[in-house]
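Asks: Next up is a structure, given as structure tokens.
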Amino acid sequence: MISPWYNLNFKGKCMTVGCLINLTCAIVMAIEGHNIAIFSIMIAALCGLSTFLPHYQHQDAKDINDGREK
């Protein structure tokens, strides 16, 4: 559940990369039998879901102007 790459700004792309790195680490830890992998998976899910927030979405001039009108 990560927002599409083309919808993300720089912060959103960094968040997506961090999510994927965290998920990879969680899988490696789970294979090795570490219980901390559950925490790592939860953090990866939180990072992935947060890419849907407007703060991490690309905004063009039309989006900014529409936001001012509301």
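Every number here is computed from the coordinates shown, using simple stated rules; none is lab data. Keep in mind that this is a model prediction, so the values were computed, not measured.
Asks: Can you tell me the length gained on complete extension of the stretch PHE10 to ILE43, counting 0.36 nm per residue apart and subtracting the Cα distance?
Replies: So the extension gain works out to 9.9 nm.
Asks: For region 5-58, what D do you get in µm² per second when you plug the Kirkwood radius from alpha-carbon pairs into Stokes-Einstein at 37 °C and 0.692 mPa s?
Replies: Value of D from the Cα-based Kirkwood radius: 289 µm²/s.
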